[in-house]
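Here's the structure, in structure tokens; my notes come after.
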Amino acid sequence: MSKNYLVIVESPTKAKTIRKFLPKGYVVEASMGHIRDLPQSATDIPAKLKAEEWTKIGVNVEQNFEPLYVVPKGKFKVIQDLKKKMADADELFLATDEDREGEAISWHLLEVLKPKIPVKRMVFHEITKNAILKALEDTRDVDMRLVHAQETRRILDRLVGYTVSPLIWKKIAYGLSAGRVQSAGLRLIVNRERERISFRSATYWDLEAELSKSKSKFNAKSMSWNGKRLATTKDFDETTGKLLEGKENILLLDEKNAGTLVSTLKKATFTVQSVEEKQFTQKPSIPFITSTLQMESNRKLGMSARDTMRTAQSLYEHGFITYMRTDSPSLSQEGISGARKAVKDLFGDEYLSPEPRQFASKNKGAQEAHEAIRPAGAEYQHPKETGLTGRDLSLYELIWMRTVSCQMAEAKKMSLSVRIEAKNGSDSVVFGANGSRIIFPGFLRAYVEGSDDPDAALEDKEVLLPEMKQGDTLSLEELNALTHTTKPPARFTEASIVQQLEKEGIGRPSTYASIIDTILDRGYVRKLGNALCPTYTGFAVVQLLENHFHKLVDYKFTSAMENSLDDIAEGKLEYLPYLKGFYLGKEGLATLVKEQDKKIDPGESRTVKLDQIKDVDVKIGRYGAYVVKPKTDTKEEIHATIPDDVAPADLTSETIQDLLIASEKGPQSMGKDPATGMNIYSLSGRFGPYVQLGEVTEEEPKPRRASVTKGMDPKTLTLEQALKLLSLPRELGIHPDKQKPILANMGRFGPYVMCDGDFRSLKKDDDVYTVSLERGLELLREEKKSRRGAQALREVGKLDEEKIELMDGKYGMYLKWGKVNATLPEGTDHEKLTLEQAIAIVKARAEIVGETGGKKGGKKTAKKAGGAKKTPAKKTKSKEKSAEELQ
């Protein structure tokens, strides 16, 4: 009699890929992610435990830190289905991911399903036929060391979030939070902004000569004058703007001397002083680990850490790459053979490294999956043969190129360093020119690593110089004096913050994306282009933690916590004594919170200390940051809102003075609107400068307003410009199908057209003040892409005359039905999503949020049984949800 086997994985996509590799008799089902977790809100807590104080945290700290695990809504049916399938099985295989989180999911499945049949833990790092069949034969038990490490991490995050955050709410502002690793990551970004605040720029000059030899032109930069080296950026102290100590022999060239030298050297003789040629080799980059993949995809593809991990997860589950959560760069023998075969087939033997290359991690804490991220299988599938498109293809191609290149020959280059003397009388200036040429490209045929430094990005490009030898005379084509100003330390990008988190040991590669997302979502950091800039609220949170909970933002302490979790995973450390010491010890978190609660002054906590600001206070308020000029004998205290787009390091005394003057004077009329006779005012608020038609009154609490667009100076704004701004929104005409007006307007993210709640951004060549009805209709017919990155993939169908759209957003797939946004349950195959499934998902979400998507609906007021209105208990629920958001 044949046997039946049940294999459980996390997602339907993974199940679908594995199913095709298994023999007959194997049934593969998905748990849809975690089937148990700590309670997310008060409604998740069982009725019999609601009276227990400890359930607010979800961890019973008095009873050996026993966690309260609950089954989330929507998972009961999943569990029932798995139990039914298990009843028909002779053996159970747990095939969740091979990291700690995957191990914990397997353990939770055992705890909930309580199987009475044999159980085997099946692990693999790629989803290929060979890997799956081998994993079937080489099974093990659930590793409780890994489970305890993951459970300890989850408990630590909950203890920090639920213990410290309420204190921050009370002392700074409601809804703020602290996190075990996020807070230390935020401090990195705040400290970089502090470095920019303390930075003092310096100005220096040098000369650039355009020279020629045998009609071949090249540029050379001045290096020394009469034997003294000329100052460059690296010679200045960043905090004083002066030359560093010990640099007394360096000559600081000013504008006057630079101009004099230009006049002198135009009559000089330029002679080659020395030529140094040197051959060198360059090795390829090591294969990707999680952190380097996140960095490189951000630099080269512009993808966020979160998008990178989501895309890599999809590639892994579809069988294209090996497991994407790893900090080991080593390759299996199969991986090395696959890369070397690809090199040989595509580039030939001469491009193959003489010996196979193997790589070891520099990080002593490297753990989890013990192979780098590479194309799956023994034979690498070329990107063009995968059938992938969009981001999937771009990321796969990046991984493919990086892996193949690591087994390629070294690049051979020749560097040329030329020193040229320009002499006229007693004046002698030495110029330098550097060139390079590639003798043999080697791995550069396949891959060049990206960089956050634009100058460094040029290193792999050839810079060719004419052939020169000592004593050659060169012709001067042009000579210019150039001025340079030193720049403050660059703000972190997503790529560079990941690099710094890894360097400091804050978190682990699998958590970097969530660290970045959390501090962005909490409003502690915002993006200026690609740069991560801390907000004033972020400053305030870090200040409070530094002053009263310094360990939580101490890089070494945070790194030590990660090492402790590694030790628990390896069986070197017991998890329970560690938790007790962290939370209940003499210097434990619980004790510290009680002590500090009385010491923390709310007024001081809401004051942001910026070294460049004197005589005024920068405060955090309910609606953002503002400045306060203290009361004097002749004037009352003055408040002025700081626009969100003014970064802490860019807040100057001049900016503050302008804000205070405008606030003190109050609204000043620019003139009157010819049509209404009402005054027009130029004002500034949290979101920057704007113009307003009329005054705020009880009858008109929200007068017409329009933001001042980029490129306009509020100080020189004319009445004509203000009237043009206030002419928006413009009605273009009536939509022929919807019979609703189409409007053109300017929003926070730029110009757009909209009709009946449907928005489209204007293109670069469109003018919001002249765009026509025909163009508006054309734009509204285009596929919708939101500014937050959400993209409408398809219309699933309609419910109550309102369409249900499948969206791809920042945090994954979700359904949009009117005002209802419903996340797809984890593991749902969006490609096979039916209208019936979609209706069930959006209706379930609508019941929770009290909204409806139907055209006739609006906000619904939920009532308890018997028609009684909701009690203030709703407020408690809201607080608990906010606390959970920390995690």
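The values are calculated or read from the model by the stated rules, or taken from the named source; none is laboratory data. Worth saying up front: this structure is predicted, and the values here are computed from it rather than measured. For neighbour counting, all protein chains shown are included, and Cβ atoms are generated from backbone atoms with ideal geometry for every residue, glycine included. Please note that ligands, DNA and RNA were not included when accessible areas were found on the heavy atoms of the full protein model with its side chains. Shrake-Rupley method; radii C 1.70, N 1.55, O 1.52, S 1.80 Å.
Select from the stretch 463-558 those GluC sites (Glu not before Pro) which occupy a DSSP coil region and have at most 16 other Cβ atoms within 10 Å, ordered by residue number. Numbers along the way, then the final one.
Details: sites: Glu467, Glu477, Glu478, Glu494, Glu502, Glu504, Glu546; in loops: Glu467.
Of the GluC sites (Glu not before Pro), the ones in loops of the stretch 463-558 whose Cβ has at most 16 other Cβ atoms within 10 Å are Glu467.
When only alpha carbons of the stretch 1-128 are considered, Rg and Dmax amount to 16.6, 54 Å. With N the number of residues in the stretch 375-526, Rg(Cα) / (2.2 N^0.38 Å) evaluates to 1.56. Just going by the charge dipole of the chain, with Lys and Arg at +1 and Asp and Glu at -1 on Cβ, which of Thr697, Thr386, Gly571 is farthest out on the positive end? It is Thr697, whose Cα lies furthest towards the positive end. Of all DSSP bridge pairs formed entirely within the chain, close to 90 percent run antiparallel. For the stretch 232-299, the share of alpha carbon pairs falling in successive 5 Å distance bins from zero is 3, 10, 10, 8, 10, 12, 14, 13, 9, 7, 3, 0 percent.
On full extension of the chain, what length is gained from Tyr769 through Met414, given 0.36 nm per residue of separation minus the C-alpha to C-alpha distance?
Details: separation 355, 0.36 × 355 = 127.80 nm, distance 5.69 nm.
Roughly 122.1 nm would be gained on extension.
Residues in the stretch 607-612 carry Karplus couplings, in order, of 9, 8, 8, 10, 4, 7 Hz; the curve used is 6.51 cos²θ - 1.76 cosθ + 1.60 with θ = phi - 60°, and Gly or Pro positions show x. Using only side-chain charges placed at the Cβ, +1 for Lys and Arg and -1 for Asp and Glu, the dipole size of the chain relative to its Cα centre rounds to 2100 debye.
Let me spell out the model: positive unit charges on the Cβ of Lys and Arg, negative unit charges on the Cβ of Asp and Glu, origin at the Cα centre of the stretch 661-800. What dipole size does that give, in debye rounded to 20?
Details: 24 positive and 21 negative charges, 112 e Å.
In debye, rounded to 20, the stretch 661-800 gives about 540.
A DSSP coil position with no more than 14 other Cβ atoms inside 10 Å describes the following chymotrypsin sites (Phe, Trp or Tyr not before Pro) in the stretch 623-718: Tyr623, Phe687. The trypsin sites (Lys or Arg not before Pro) of the stretch 1-109 that meet both conditions, a loop assignment by DSSP and at most 16 other Cβ atoms within 10 Å of the site Cβ, are Lys3, Lys20, Lys24, Lys50, Lys73.
Take the cross-link list Lys170/Lys580; Lys3/Lys116; Lys83/Lys114; Lys300/Lys341 and give me the ones stretching past 19 Å between alpha-carbons.
Working: Lys170/Lys580 26 Å; Lys3/Lys116 15 Å; Lys83/Lys114 9 Å; Lys300/Lys341 26 Å.
Those over the limit are Lys170/Lys580; Lys300/Lys341.
Any idea what % of Cα-Cα pairs in the stretch 178-294 are farther than 26 Å? The proportion of pairs with Cα distances above 26 Å equals 54 percent. Projected label points at Leu584 and Lys740, each 7 Å from Cα along the beta carbon direction, are separated by 5.8 nanometres.
Fully extending the segment from Val262 to Lys843, taken as 0.36 nm per residue of separation minus the present Cα-Cα distance, adds 201.5 nm.
Estimated from the Cβ-Cβ distance and a Förster radius of 51 angstrom, the FRET efficiency linking Glu66 and Glu379 is about 0.55. In terms of distances greater than 29 angstrom between alpha carbons, the cross-link table entries Lys221/Lys278; Lys73/Lys129; Lys129/Lys412 yield Lys73/Lys129; Lys129/Lys412.
Could you give the accessible area per residue of the chain, probe 1.4 Å, as a whole number in Å²? Intermediate results must be reported in sequence, preceding the final value.
Numbers: 45470 Å² over 887 residues.
Value returned for the chain: 51 Å² of accessible area per residue.
Rg and Dmax of the chain, based on Cα coordinates, read 32.0, 104 Å. Exceedance of the 25 Å cut-off in Cα-Cα distance is limited, within the set Lys213/Lys234; Lys77/Lys816; Lys764/Lys803; Lys598/Lys619; Lys75/Lys120, to Lys213/Lys234; Lys764/Lys803. The residues packed around Asn60, meaning those with a beta-carbon under 9 Å from its beta-carbon, carry a net charge of -3 if Lys and Arg are +1 and Asp and Glu are -1.
Taking only DSSP H segments of four or more residues, each worth -39500 (n - 2.57), what value at 222 nm results for the chain once the sum is divided by all its residues, to the nearest 500 deg cm²/dmol? Before the final figure, lay out the partial values.
Values: 23 runs with 285 residues, N = 887.
So the helix-based figure for the chain works out to -10000 deg cm²/dmol.
Expressed as a whole percentage, what fraction of the accessible surface of the chain belongs to carbon and sulfur atoms when a 1.4 Å probe is rolled over the protein heavy atoms? Carbon and sulfur together cover 49 percent of it. On the basis of the beta-carbon distance and an R0 of 30 Å, Lys702 and Lys614 show a calculated FRET efficiency of 0.25.
Please give the length that would be gained between Lys594 and His370 if that part of the chain were fully extended, namely 0.36 nm times their separation in residues minus their C-alpha to C-alpha distance (nm, one decimal). Each step should come with its number before you reach the end.
Numbers: separation 224, 0.36 × 224 = 80.64 nm, distance 4.29 nm.
Length gained between Lys594 and His370: 76.3 nm.
Overall size of the stretch 303-407 from C-alpha positions, given as principal axis extents largest first: 38, 38, 21 Å. Note on Asp254 and Ile117: their simple-model spin labels are 8.8 nm apart, each label 7 Å out from Cα toward Cβ. With a cut-off of 12 Å between beta carbons, the residues surrounding Leu773 carry a summed charge of -1, where Lys and Arg count +1 and Asp and Glu -1. Placing R0 at 22 angstrom, the Cβ-Cβ distance between Lys48 and Lys83 gives a FRET efficiency of 0.40 after rounding to 0.05. Evaluate the relative contact order of the stretch 629-774 (contact order divided by residue number), counting alpha-carbon pairs under 8 angstrom at least 6 apart; express in whole percent. Over the stretch 629-774, the number comes to 13 percent.
Once you list every other residue whose beta carbon is under 10 Å from the beta carbon of Ile336, what net charge do they have if Lys and Arg are +1 and Asp and Glu are -1?
+3
Projected label points at Glu137 and Trp169, each 7 Å from Cα along the beta carbon direction, are separated by 5.7 nanometres.
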